[in-house]
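A.B. asks: One structure, pasted below without further comment.
Each reported figure results from applying straightforward, stated rules to the coordinates on display, with no laboratory input. All figures in this text were calculated on a predicted structure; none of them were measured in a lab. Cβ: placed from backbone, ideal geometry, glycine included. Neighbour counts: every protein chain shown.
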Amino acid sequence: MRIDPLTGPAAPAAPRPTPSAPGFDALLPGQAPDAPAGAGPATRAAAPTVLTQAAPLAEQVEARAVRDRAARRHGRAMLEALAGLQVAVLAGEQDTARATLADLATAAPEAADPVLRLILNEINIRAAVELARQAGLAAVQAA
């Protein structure tokens, strides 16, 4: 019962109709969540299962994980190539190391994870700076 300060007590409001909640048998394997609670075995067998609906999602997650693993491997290879270029510069033999780094910089895979993508972008920028620096040093030494 509701009491309104201006009009006084009001008649109790009619109960709101609630949608019938499915029973626990509606959530049995092989039955769609929107199937009637007392659906028989034929209805349960014809309804799509959650596993069939989740399969494409699982494939997408796996594809993203594969892309991220490849991107991580590539990032590690780029960091190793940058370190190798530093050692090669000190040894005076940077041509091979520069070519390896240039090859890796042109074939960078795209990561699915946005944070990993940013990290790889920073590694690629560092590689581009080093390659440009080495090209500039080579031009100065040739002149």
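A.B. asks: List the GluC sites (Glu not before Pro) in segment 107-139 that DSSP assigns to loop (not H, G, I, E or B) and whose Cβ has at most 16 other Cβ atoms within 10 Å. Which are they?
C.D. replies: In loop regions of segment 107-139 (DSSP not H, G, I, E or B), the sparsely surrounded GluC sites (Glu not before Pro) are GLU110.
A.B. asks: When the label point is put 7 Å from the Cα of VAL115 along its Cα-to-beta-carbon vector, which residues of segment 63-100 have a backbone N closer than 13 Å?
C.D. replies: The answer is none, because no backbone nitrogen lies closer than 13 Å to the label point.
A.B. asks: Each residue of segment 127-138 in order: what ³J(HN,Hα) in whole Hz does its phi give by Karplus 6.51 cos²θ - 1.76 cosθ + 1.60, θ = phi - 60°, with x for Gly and Pro?
C.D. replies: 5, 5, 5, 5, 5, 5, 5, 5, 5, x, 5, 5
A.B. asks: Okay, next question. Explain nothing, just compute: Karplus ³J(HN,Hα) = 6.51 cos²θ - 1.76 cosθ + 1.60, θ = phi - 60°, for every residue of segment 105-113 in order, whole Hz, x for Gly and Pro.
C.D. replies: 5, 7, 10, 7, x, 8, 8, 7, 6
A.B. asks: Here's a follow-up. Looking at ALA107, ALA138, LEU118, which one has the Cα that reaches farthest to the positive end of the dipole of segment 70-142 (charges on Cβ: Lys, Arg +1; Asp, Glu -1)?
C.D. replies: Going by the charge dipole, the pick is LEU118.
A.B. asks: I would also like to ask the following. To the nearest 20 debye, what charge dipole does segment 70-142 have about its Cα centre, counting +1 at the Cβ of each Lys and Arg and -1 at the Cβ of each Asp and Glu?
C.D. replies: 120 debye
A.B. asks: What ³J(HN,Hα) values, in whole Hz, does the Karplus curve 6.51 cos²θ - 1.76 cosθ + 1.60 give for segment 94-102 when θ = phi - 60°, with x put for Gly and Pro?
C.D. replies: Working through the residues one at a time gives 8, 4, 5, 5, 5, 5, 4, 5, 5 Hz.
A.B. asks: Could you run the Debye sum over the Cα atoms of segment 70-142, one equal point scatterer each and no solvent, and tell me log10 of I(q)/I(0) at q = 0.18 Å⁻¹, two decimals?
C.D. replies: Cα-only, vacuum Debye calculation for segment 70-142: -0.66.
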